[in-house]
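These notes are about the structure you will find just below.
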Amino acid sequence: MAKNAWPSADKRSLIGKRISRLDGPVKSTGRAKYAYDISRPGMIYARLLWAPYGSAKVVSIDTSAATQIKGVVGAWPEMKDGDEVRFAGQVVASLAATSEEIAHEALKSIKVVYEVQTPQMNDVLLEKAETKEQRDEIPDAATVDKTFNEAEVKIEGHYGAAAITHCCMEAHGQVAEYRDNAMYIWPSTQNVSAYAAGLADAAGMPASQIHVDCQYMGGGFGSKFDSDQWGAICTRIAKETGKPVKLMLERDHELMAAGARPSAFANVRAGASKDGRITVWDSTAWGSGGMGGSRALGVPYIFGNIPNIRRVSRSVRTNRGSQRPWRAPGHPQSCLVTMAALEDLAAAAGVDSLEFFLKNLDYTERPDVYREELRIAADLIGYKDKAHPRGDSTPGPLKRGLGISLHTWGGAGHKSESTVTINPDGSASVNIGTQDLGSGTRTVVGIVVAETLGLPLENVQVNIGRNEYPASGASGGSTTVGGVSTSTRDAATAALNALFEKVAPALGVGADQLEAWQGSIHVVGDASKSMPWVKACSLLGQIPVTGKGSKPASDGTQLDNSGVGGVQMADVTVDIETGRVTINEFVAVQDCGLIVDLKTAESQVYGAMIMGVTYALYEESIYDPVTGRMLNADMEFYKLAGLADVGTLKVHMMTGPGYDERGVIGLGEPPVISPGAAISNAVANACGVRVPTIPLTPNRVLAALEQGGKLA
Amino acid sequence: MPFRKKPEEPSGLSRRGFLKTVGAGTVAGGLIGESATPPRASAQAPALAGPGPIPLELNINGKVEKVSVEPRVTLLDTLRNHLDLTGSKKVCDRGTCGACTVLLDNKPIYSCSMLAVEAQGHAVQTIESLGTPEQLSAIQAAFVEHDAQQCGFCTPGFVVACTAFVHDHPNATLEDVRAGLGGNLCRCGTYHGVTEAVLQVVKTGKGGA
């Protein structure tokens with residue numbers, strides 16, 4: 001019997017190797033069809049009119065003029081007279097026309113009268129914000145105050161991160177088509193299996209009649225879990241007009257309404273002994289995720305076992321489009337506040353930062369992993385040769401510095417079901433209702449089947465992205481790889497064991513003595529007895545065998561795990577005359593248990609580091625305090641790092657004994673957490689003052705230098 | 001189809017030919033600051049086109065494509081909505097991100113920032129002409145090898161830009177790559193793979209293939 005466990009290192013043909021993603025060729029040749037690329041016969045184009053005010057009351061909406069325009073199929077109010085607009089970007093009306101151009105132009109003919117109100121846009125100044133409070137004191141307020149007052153070394157600092165948006169390359173949206181009493185939808189989604197459930201009302205039919213197909217999607221990062229209001233509008237128009245409808249958000253709307261990572265600010269007091277042992281943490285943190293406020297910051301991040309902790313969190317409501325999960329929700333902000341304050345504490349104590357973190361690792365949950373990772377990262381970046389006390393004393397305007405950050409994440413697999421079919425001709429296929437966001441899920445699923453059946457990867461047909469397939473969880477929180485690899489291993493093992501039942505009599509042994517390996521079925525321990533795969537499959541006769549698998553696995557075997565640690569170190573140069581920060585080198589060391597595909601795993605880390613450079617240095621949603629409208633709702637002024645901005649990147653994955661046997665653990669979130677903190681710390685080490693708030697734009701760097709690091 | 005050498009004589013209109021065709025009235029329009037006489041409509045002035053759809057002949061991927069689009073329609077939207085050439089992606093729609101990059105007479109341009117009418121008389125090559133999944137170009141094969149793609153939405157634009165870059169810079173260094181490929185943006189963060197892919201193609205001298 002094939003065992004429902006990961007093969008040992010000597011029995012892995014594919015798992016853990018560098019394998020090119022299966023859909024690389026269709027993506028790099030432009031053949032991959034995304035939601036935005038779907039074209040259906042007679043398709044019309046829908047567009048949304050959004051409110052240009054952060055706070056207003058809708059007095060009236062008049063679509064009559066728009067409906068008179070040639071080519072306009074229909075126009076619909078999406079709010080009622082008297083409704084409250086709570087953020088700029090809120091959908092007010094929709095319109096469909098025979099071409100994109102007509103739709104775009106006709107939208108201007110919808111007349112909306114607003115009673116404009118003053119929006120609440122401030123999230124920076126706590127005293128002027130509308131807030132809700134959470135409080136947490138360990139052990140008690142008096143002890144925390146006393147410990148701080150008596151600390152040999154103490155710092156008081158302000159730290160912050162501006163709100164950002166997801167800015168997926170493919171805007172949110174979908175194509176919907178109503179025919180044969182069923183709804184067919186091609187969405188850009190992170191949640192294929194559950195997508196239809198949100199549209200039953202709009203489609204006027206049960207989810208079972210809604211067919212969802214998402215083979216490729218152009219980025220989600222946490223913003224594409226739901227079918228959304230635009231999904232419902234598109235579906236409704238398709239039903240009402242009987243025509244296929246494409247509705248993709250325009251770029252400005254995408255950046256305002258389709259998700260945000262909350263801002264975070266904190267005033268921190270921390271104390272340590274003069275040799276660098278942390279004794280106390282005391283913080284007041286706040287931030288805003290728009291209309292819904294935001295969750296409490298998890299500070300002190302990682303170092304949760306510091307003996308004296310007080311944390312106060314306040315959630316600030318602003319008239320902005322609501323937050324959505326944004327790759328590692330809450331972690332990058334908590335990490336920045338903590339690592340920045342702790343490096344400030346190390347600098348105040350005059351203790352080398354690396355030594356400081358090593359000295360306090362017992363306040364974390366996984367000191368051994370971090371210790372090993374810190375050592376490797378230090379070697380990769382040349383820490384010993386480059387490290388210097390805070391403030392590069394080299395003459396001239398270019399100051400160089402190093403920064404460190406540590407992070408953690410869970411990454412256990414989500415619920416998942418999968419089926420694997422072996423055909424009499426030897427071909428194999430897997431059906432699973434998951435999605436590939438670009439993380440390599442399609443490839444991972446294929447590798448698991450091929451490895452289990454002892455076949456080359458190209459012999460496995462991987463079918464994902466449809467809600468007809470067995471249900472699998474949404475891709476978020478680094479839960480996908482643990483989920484789909486478990487259910488698929490389980491399913492492939494079940495299918496293989498069914499095949500073994502047919503093959504065993506021919507080889508004169510019991511099914512429990514067989515294994516599949518390198519294109520043949522072997523008798524364990526007897527090299528002379530084997531049968532080539534295709535011949536073995538022919539014994540199935542006319543009927544294929546299908547194995548069903550799930551996460552949790554059918555026999556209870558745990559193939560995934562949870563809990564990882566990572567370390568990143570940045571080497572930057574700050575031009576103190578212009579305020580410009582340049583990344584020289586950036587190193588990431590990461591564990592994630594058993595790696596299924598090393599190539600796409602490394603890509604996740606490289607990508608997260610690059611995304612993190614953008615977070616640390618460039619991107620910020622800037623809103624007008626008067627109108628409440630986003631001022632940089634385009635890709636020219638909402639800045640993403642370019643190819644020249646990211647420096648030299650080095651990635652080291654922790655693999656082998658001590659890591660592999662833990663099972664598969666998700667990787668999407670962890671490496672995106674530390675960049676803001678590591679780069680901010682490197683800038684402080686370079687120029688000698690803390691630039692409190694990221695992104696570390698030239699104006700903030702210059703202001704910090706001028707003010708000695710107190711403001712910005 | 002491999003990346004093609006620049007044609008000896010570009011077909012269709014040159015800038016010089018364009019000026020000749022539209023006549024003196026339009027040229028004078030450019031000099032209005034120096035002349036007290038406003039340009040007059042003359043018999044030579046071209047008939048106004050639009051606002052309704054007008055017939056166009058475009059040279060796309062070596063084929064003449066006849067389309068009927070309004071004059072305001074961009075080359076990108078014409079490719080995507082009228083010719084089903086959806087490899088060129090619509091992302092920023094204002095000449096920032098490069099996801100819509102195509103070759104115009106072998107030079108990379110943002111197709112979101114050119115009207116289809118302006119593309120007449122030029123040879124347009126889209127990502128669809130640069131290789132197939134079964135027969136990848138050297139750049140595409142290197143993209144796959146170095147995993148220079150994640151979600152893949154920026155990838156076709158990057159492949160087109162890299163194809164032109166390697167053709168024009170067959171001996172490019174790392175610094176050249178960083179200086180020359182800043183016109184395309186990626187959100188997933190594939191720049192490391194893109195850089196490796198381009199350098200590999202340069203090293204193996206297959207940029208023209």
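Every read-out reported here was derived from the displayed coordinates using simple, explicitly stated rules and does not represent laboratory data. Everything quoted here is computed from the prediction, not taken from an experiment. Using ideal geometry, Cβ is built from the backbone for each residue, glycine included, and neighbour counts are taken over all protein chains shown.
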Taking beta carbons within 10 Å but only from partner chains, what does the mean come to for residues B:138-146? 4
The answer for residue A:222, listing residues at least 5 apart or on another chain whose modeled amide H is closer than 5 Å to its amide H, is A:327
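Rounded to the nearest 500, what is the 222 nm mean residue ellipticity of the protein assembly as shown from helices alone, with -39500 (n - 2.57) per DSSP H run of 4+ residues and division by all residues? Can you show the working numbers first?
On the way: 24 runs with 247 residues, N = 921.
Helix-only estimate at 222 nm: -8000 deg cm²/dmol.
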Quick check on packing: order B:85-98, A:434-447 by the mean number of other C-beta atoms within 10 Å, highest mean leading. A:434-447, B:85-98
Could you work out how far the C-alpha centroid of region A:488-524 sits from that of region A:394-473, in angstrom? 25 Å
In terms of modelled amide H atoms, which long-range or inter-chain residues lie less than 5 Å from the amide H of residue A:301? A:338
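May I ask you to list the chymotrypsin sites (Phe, Trp or Tyr not before Pro) in region A:629-707 that are in a DSSP loop and have at most 14 other Cβ atoms within 10 Å of their Cβ?
Working: sites: A:637, A:638, A:659; in loops: A:637, A:638, A:659.
Listed in order of number, the matching sites are A:637.
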Show me the ranking of peptides A:504-516, A:268-280 by mean Cβ neighbours inside 10 Å, starting with the highest. A:268-280, A:504-516
Pairs of alpha-carbon atoms within less than 8 angstrom and 6+ residues apart define the contacts here; what relative contact order does chain A have, in percent? 17 percent
For region A:445-580, one quarter of the surface area of the C-alpha convex hull, expressed in nm², comes to 13.9 nm²
Expressed as a whole number, the average count of other chain Cβ atoms within 10 Å around the Cβ atoms of B:77-89 is 4
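Any chance you could run the full-extension gain for residue A:498 through residue A:197? It's 0.36 nm times the residue separation minus the Cα-Cα distance, nm to one decimal.
Values: separation 301, 0.36 × 301 = 108.36 nm, distance 3.43 nm.
Using 0.36 nm per residue and subtracting the Cα-Cα distance, I get 104.9 nm.
To the nearest 0.05, what FRET efficiency results for residue A:558 and residue A:8 with a Förster distance of 22 Å applied to their C-beta separation?
Values: r = 17 Å, r/R0 = 0.76.
That pair, residue A:558 with residue A:8, gives E of 0.85.
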How much FRET efficiency would the formula 1/(1 + (r/R0)^6) give for residue A:520 and residue A:598, where r is the Cβ-Cβ distance and R0 is 22 Å, rounded to 0.05? 0.30
Once amide hydrogens are built 1.01 Å from N within the peptide plane, the residues lying 5 or more places from residue A:668 or on another chain with amide H under 5 Å from its amide H are A:478
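Taking only the C-alpha atoms, wrap a convex hull around chain A and report its volume per residue in Å³ as a whole number.
Details: hull volume 117.5 nm³, N = 712.
With only Cα atoms used, chain A gives 165 Å³ per residue.
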So how long is each side of region B:138-204 along the principal axes, counting just the alpha-carbon atoms, biggest first, in Å? 29, 22, 17
Could you work out the mean projected area of the convex hull around the alpha carbons of region B:54-127, in square nanometres to one decimal? 4.1 nm²
